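Enquirer: Handing you a structure now.
The values are calculated or read from the model by the stated rules, or taken from the named source; none is laboratory data. For clarity, every value in this text was computed on a predicted model and none was experimentally measured. Neighbour counts are summed over all protein chains in view; Cβ atoms, including those assigned to glycine, are modelled from backbone coordinates with ideal geometry. Surface areas here come from the heavy atoms of the whole protein model, side chains and all, with no ligands, DNA or RNA. Shrake-Rupley method; radii C 1.70, N 1.55, O 1.52, S 1.80 Å.
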Amino acid sequence: MKRKLSIFLVLLLMLSLLLPVTAHAEGEGNIDNGGSGIGSGTDVNYWNPGDEGVRITVVRANDRLAVTSPIDFTNRNPNSIQIHFGKNSKLDYTNGRSLAPNTNSYSYVNPSKAMPQIISTSGSPASIDQIKSYFTDQLVIQYISDVTGMNYDVLISGEYKLLLEPIAYITFGGIKYAMTATEAALFDRQLNGGLRSKMAALCHKNLPLAMFLETPDLGYPAWGGSTTTAASDADIISSLGLGIVRFNEAEPEPPEVTAADYEYRVNTEVITSVTVRGGQSDPDHPVTVRFTIGGQPYTVSRVYYPEGDSQQVWVRWRTPAAPQLMTIHVSVSGDGSASQGTIIAKIVDLSGNDPPNPVADDRNDFYSAAAVPNKAQKTSASWGVWRPWWHSNWVWISTGEDTGYWADEGWWEFDWISYSASLSATMSIVPDAKDPTASGKTMKSGYGINQTVTTNVNTNQSSAVTDAQTAVTYFPEFRYETYWRLLERTQAGYSSKFEFKFNKYSTYKRRTHFTPVWFPDGSYTPYTWLIDCWTPAGMLSANLTDTVTIRGSLWDDWHIAPVKPY
């Protein structure tokens, strides 16, 4: 099928003018940019224009998982890089991966067709049209396919996207680094603002503003903030330093409109957060944030952050017992403003979809195995809080020839206090104890299984992290859809435990799920999605599976003897 490009017609016209050979556009570029003057550096902190690259990751669209290792395109030969942070994408850091320096040799690719300028400078702004044209060019896409090992036809099938991230090769503190915009912001947090204080024009302005989204995609928002001033670490991590190329079989549909900002389960402890920025908030000029949820006010006072940065602010609350759409109002007093004044929360109830009663003469002659689901998974998260402290600067104030007084004309400094949380879990499936012929994890179809999910949550800020509160199990006989079991939490806390609820169809009222008698011999693999471990940085979740082996059916255990004559 002929694929149609859904970027502006002017880009197609420019493409024919810019390229020396005839080529076809193969993707749609969701990319925009900004930036302005860089300024001058020092002999130990500097960046040379053109010392840049782009990290490229192939991402599966439906579950936002990387399917190839990231590759770094550059026109340079940055063989002198002393420290980089490995080949991680923005999605990896969003999903909780920690920033870790790497002193091994830095690997890169010089593309056969040179890239256009990526990072703007005061004398040479980068052209977003040229960047879009380059990364949607058929020859470039083919080259990316070859380098990543991804089949070209599969890559452009519409099921995958290219995640692009601008890279800068800089010298900081006399050491040569390679870093994406996201890595620069995470590194700055580790240094308590040390990178921003020396190289804000590059690392917090022109590098992150080299690429940002025009429309939301892959869970990242479109950027609506300034395109000419330095961004905060939080804004860079959440929204900047990325572009996306998507492939469509036909004209793209309009951007999906999200009905709710959060989806929560009923009667669940959750966390809702916003980002506050604007000016500087310190003990002399504090900011207070007020959430109104279901008519109940929640006030967060003493919200502090330095000039040019921001602070995530959150509230912990319990959802109502009935499904509904809730509107949460957010107001700010002080000089700051919130990222959202209104938050829409969708409250859903996952109960009531238990499988029907299985019977011995059930049949499914057309059964075919389905792939085990792979829902959104995030097993770690990090966030932080700015803590102000007073930097004293005593000066003598003269009021006369021999008179005066000492005055403290100091200022507020800020330390970044980091917090994190991680979620781990295991799932165990075993034949029910009432199965008379089971051996280990081998059983006959038609008998029941028992399930146990155990979880462990670790955090250094327990007030901001909930337990894992919900586990939902899906089954292969229903192709992991239509019916599911909402597990019962039999042990609460950071070491939660989940099991099947008591089955009303069980003769012995067991916590069991009956396998269908028609299920074919082989692996029987239920899938569990563990969710509702909430943090200020979002929900932690995990995909879990376990397997028993089906060999024969319960009919094999029945023997019908002939009737004895009288």
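Enquirer: Restricting to region 304-332, name every residue that is surrounded by 14 or more Cβ atoms within 10 Å (Cβ to Cβ), small (Gly, Ala, Ser) and outside any strand (DSSP E or B).
Expert: Gly308
Enquirer: Do we find that Lys198 is modelled with pLDDT under 95, out of contact with any strand residue (DSSP E or B) (no Cβ under 8 Å at 6 or more places or on another chain), in a helix (DSSP H, G or I) and more than 14 Å from Val54 (Cβ to Cβ) in this structure?
Expert: Numbers: modelled with pLDDT under 95: yes; out of contact with any strand residue (DSSP E or B) (no Cβ under 8 Å at 6 or more places or on another chain): no; in a helix (DSSP H, G or I): yes; more than 14 Å from Val54 (Cβ to Cβ): yes.
The answer is no for Lys198.
Enquirer: Something else about it: Consider region 525-537. How many of its residues are open to solvent by less than 20 Å² (accessible area, probe 1.4 Å) and either modelled with pLDDT under 95 or in a strand (DSSP E or B) (or both)? Step through it out loud before you land on a result.
Expert: Going residue by residue through region 525-537, those that are open to solvent by less than 20 Å² (accessible area, probe 1.4 Å) are 526-528, 530-536.
Applying the additional criterion that residues be either modelled with pLDDT under 95 or in a strand (DSSP E or B) (or both) yields 527-528, 530-535.
Residues flagged as open to solvent by less than 20 Å² (accessible area, probe 1.4 Å) and either modelled with pLDDT under 95 or in a strand (DSSP E or B) (or both) within region 525-537 amount to 8.
Enquirer: Could you list, in sequence order, all residues of region 397-417 that are closer than 30 Å to Tyr305 by Cα and open to solvent by 70 Å² or more (accessible area, probe 1.4 Å)?
Expert: Selection gives Trp406, Glu409, Trp411.
Enquirer: For the structure I just gave you, tell me whether Ser281 is open to solvent by less than 30 Å² (accessible area, probe 1.4 Å), farther than 24 Å from Gln469 by Cα and among the polar types (S, T, N, Q). Walk me through how you get there before you give the answer.
Expert: Values: open to solvent by less than 30 Å² (accessible area, probe 1.4 Å): yes; farther than 24 Å from Gln469 by Cα: yes; among the polar types (S, T, N, Q): yes.
So Ser281 fits the description; yes.
Enquirer: Kindly indicate whether Gly194 is in contact with a helix residue (DSSP H, G or I) (Cβ under 8 Å, 6 or more places away or on another chain) and either of a type in the set (Asp, Glu) or open to solvent by 10 Å² or more (accessible area, probe 1.4 Å) (or both). Working first, answer last.
Expert: Working: in contact with a helix residue (DSSP H, G or I) (Cβ under 8 Å, 6 or more places away or on another chain): yes; either of a type in the set (Asp, Glu) or open to solvent by 10 Å² or more (accessible area, probe 1.4 Å) (or both): yes.
Spelling it out, Gly194 is indeed in contact with a helix residue (DSSP H, G or I) (Cβ under 8 Å, 6 or more places away or on another chain) and either of a type in the set (Asp, Glu) or open to solvent by 10 Å² or more (accessible area, probe 1.4 Å) (or both).
Enquirer: Further question on the same structure: I'd like to know if region 540-548 contains one or more residues that are open to solvent by 60 Å² or more (accessible area, probe 1.4 Å) and either under 35 Å from the mean Cα position of the chain (by Cα) or over 14 Å from Gln451 (Cβ atoms) (or both).
Expert: Here is the first cut: in region 540-548, the residues open to solvent by 60 Å² or more (accessible area, probe 1.4 Å) are 545.
Next, from what is left, pick out any that are either under 35 Å from the mean Cα position of the chain (by Cα) or over 14 Å from Gln451 (Cβ atoms) (or both): 545.
Yes: region 540-548 contains one or more residues that are open to solvent by 60 Å² or more (accessible area, probe 1.4 Å) and either under 35 Å from the mean Cα position of the chain (by Cα) or over 14 Å from Gln451 (Cβ atoms) (or both).
Enquirer: Continuing with the same structure: How many residues does region 333-346 contain that are open to solvent by less than 50 Å² (accessible area, probe 1.4 Å) and either under 24 Å from the mean Cα position of the chain (by Cα) or at pLDDT 95 or above (or both)?
Expert: So the count comes out to 5.
Enquirer: Going through region 85-133 one residue at a time, which ones are touching a helix residue (DSSP H, G or I) at 6+ places or on another chain (Cβ under 8 Å) and hydrophobic (A, V, I, L, M, F, W, C)?
Expert: Within region 85-133, Phe85, Leu99, Val109, Met115, Ile118, Ile119, Ala126 qualify.
Enquirer: Only one of these conditions is not met by Leu91: (1) at pLDDT 60 or above; (2) within 23 Å of Asp129 (Cα to Cα). Which number is it?
Expert: Leu91 satisfies all of (1) at pLDDT 60 or above; (2) within 23 Å of Asp129 (Cα to Cα) except (2).
Enquirer: List every residue pair whose Cβ atoms lie under 6 Å apart, where the two residues are 6 or more positions apart in sequence or sit on different chains, the first residue falls within region 438-462 and is more than 24 Å from Trp529 (Cα to Cα) and hydrophobic (A, V, I, L, M, F, W, C), and the second residue, located anywhere, is in a loop (DSSP other than H, G, I, E, B) and at pLDDT below 95.
Expert: Here the result reads Met443/Asp435, each pair linking region 438-462 to a residue that is in a loop (DSSP other than H, G, I, E, B) and at pLDDT below 95.
Enquirer: Can you name the number of the only condition in (1) modelled with pLDDT of 95 or more; (2) in a loop (DSSP other than H, G, I, E, B); (3) open to solvent by less than 80 Å² (accessible area, probe 1.4 Å) that Asn104 fails?
Expert: It fails just one condition, (3).
Enquirer: Scan region 430-448 and tell me whether some residue there is open to solvent by 40 Å² or more (accessible area, probe 1.4 Å), in contact with a helix residue (DSSP H, G or I) (Cβ under 7 Å, 6 or more places away or on another chain) and of a type in the set (S, T, N, Q).
Expert: Within region 430-448, one or more residues are open to solvent by 40 Å² or more (accessible area, probe 1.4 Å), in contact with a helix residue (DSSP H, G or I) (Cβ under 7 Å, 6 or more places away or on another chain) and of a type in the set (S, T, N, Q).
Enquirer: Here's a follow-up. Quick one: is Gln311 over 26 Å from Ser232 (Cβ atoms) and touching a residue at least 60 places away in the same chain (Cβ under 8 Å)? Lay out the reasoning, then the answer.
Expert: Working: over 26 Å from Ser232 (Cβ atoms): no; touching a residue at least 60 places away in the same chain (Cβ under 8 Å): yes.
No.
Enquirer: Spot the failing condition for Tyr483; the list is (1) out of contact with any His (no Cβ under 8 Å at 6 or more places or on another chain); (2) within 23 Å of Ala369 (Cβ to Cβ); (3) of a type in the set (Phe, Trp, Tyr); (4) open to solvent by less than 60 Å² (accessible area, probe 1.4 Å), and only one is missed.
Expert: (4)
Residue by residue, here is whether (1) acidic (Asp, Glu); (2) at pLDDT 95 or above; (3) within 23 Å of Ile271 (Cβ to Cβ) holds:
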site	(1), (2), (3)
Ala421	no, yes, yes
Met427	no, yes, no
Val430	no, yes, no
Thr437	no, no, no
Asn450	no, yes, no
Val465	no, yes, yes
Gln469	no, yes, yes
Tyr474	no, yes, no
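Enquirer: Okay, moving on. Please specify each residue of region 45-63 satisfying the condition of being out of contact with any helix residue (DSSP H, G or I) (no Cβ under 6 Å at 6 or more places or on another chain) and assigned to a loop (DSSP other than H, G, I, E, B).
Expert: Within region 45-63, Asn48, Pro49, Gly50, Asp51, Ala61, Asn62, Asp63 qualify.
Enquirer: Quick one: which of Asp261, Asp349 is within 20 Å of the chain's Cα centre (by Cα), in contact (Cβ under 8 Å) with a residue 40 or more places away in the chain and more than 30 Å from Glu413 (Cα to Cα)?
Expert: Asp261
Enquirer: OK, next. Taking into account only those residues within region 201-220 that are in a helix (DSSP H, G or I) and of a type in the set (Gly, Ala, Ser), which is most open to solvent (accessible area, probe 1.4 Å)?
Expert: So the first thing to find is which residues in region 201-220 are in a helix (DSSP H, G or I), and the list is 201-206, 208-210.
Restricting the remaining residues to those that are of a type in the set (Gly, Ala, Ser) gives 201, 210.
Values: Ala201: 29, Ala210: 1 Å².
Going through the qualifying residues, I end up with Ala201.
Enquirer: Return the residues of region 460-480 that are part of a helix (DSSP H, G or I) and under 20 Å from the mean Cα position of the chain (by Cα); say none if nothing qualifies. Give the steps one after another, and end with the answer.
Expert: At the first step, the residues of region 460-480 found to be part of a helix (DSSP H, G or I) are 462-464, 476-478.
Passing the criteria: only Ala464.
Enquirer: Please find, among Asp188, Asp261, the residue that is surrounded by 14 or more Cβ atoms within 10 Å (Cβ to Cβ), within 22 Å of Ala464 (Cα to Cα) and of a type in the set (Asp, Glu). Spell out how you get there, then give the answer.
Expert: Details: Asp188 fails: within 22 Å of Ala464 (Cα to Cα).
One residue alone meets the criteria, Asp261.
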